[in-house]
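Any read-out appearing in this document is the output of simple, stated calculations on the displayed coordinates, not a laboratory observation. The model shown is predicted, which means the values in this text are computed figures rather than measured ones. Here the Cβ positions follow ideal geometry from the backbone for every residue, glycine too, while neighbour counts run over all protein chains shown.
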Amino acid sequence: MIGSKLQEILDIKHINPAELSRLTGISYQTIVSIIKRDNMKVDLTCLLKICDVLNVDIEYFYAEYDEYKKKHSDNLSESNPLLDTLLSNAKQLNTEGLEKLVGYSDDLVSSGKYEKVKIQEKAM
């Protein structure tokens, strides 16, 4: 999370929270709180100031989150030939065709017959 990443950078650069506070203009208590809470909720303005002073890209703090998101994303958001074909076909349709396609897909979903079953639901 962000706090542990921040502490890691501070250790590498031999900077303590008090010094980071002085360099960024962010209160010492806020810096210590970010480190101790160690979650993903950090004020963007603060994080941008920290990144600027430490010369680190903001993506560094979110790299683990991006990996987590990729691993746990819905299968349909990953490369799927059926979805690719559907999107390719949809791009070739005019407004009336798109409205019909949406109507057909709404009918398929609402029927329940073609609904994707989640693993947790199968176990019950």
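Beyond a 30 Å Cα-Cα separation, which of these cross-linked pairs lie in this structure: Lys41/Lys113; Lys13/Lys41; Lys41/Lys91?
Result: Lys41/Lys113; Lys41/Lys91 exceed 30 Å.
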Sites matching trypsin sites (Lys or Arg not before Pro) across region 1-66 that sit in DSSP coil, with at most 16 neighbouring C-beta atoms within 10 Å: Lys41
Residues whose built amide H sits under 5 Å from the amide H of Val42, excluding neighbours closer than 5 in sequence, are none
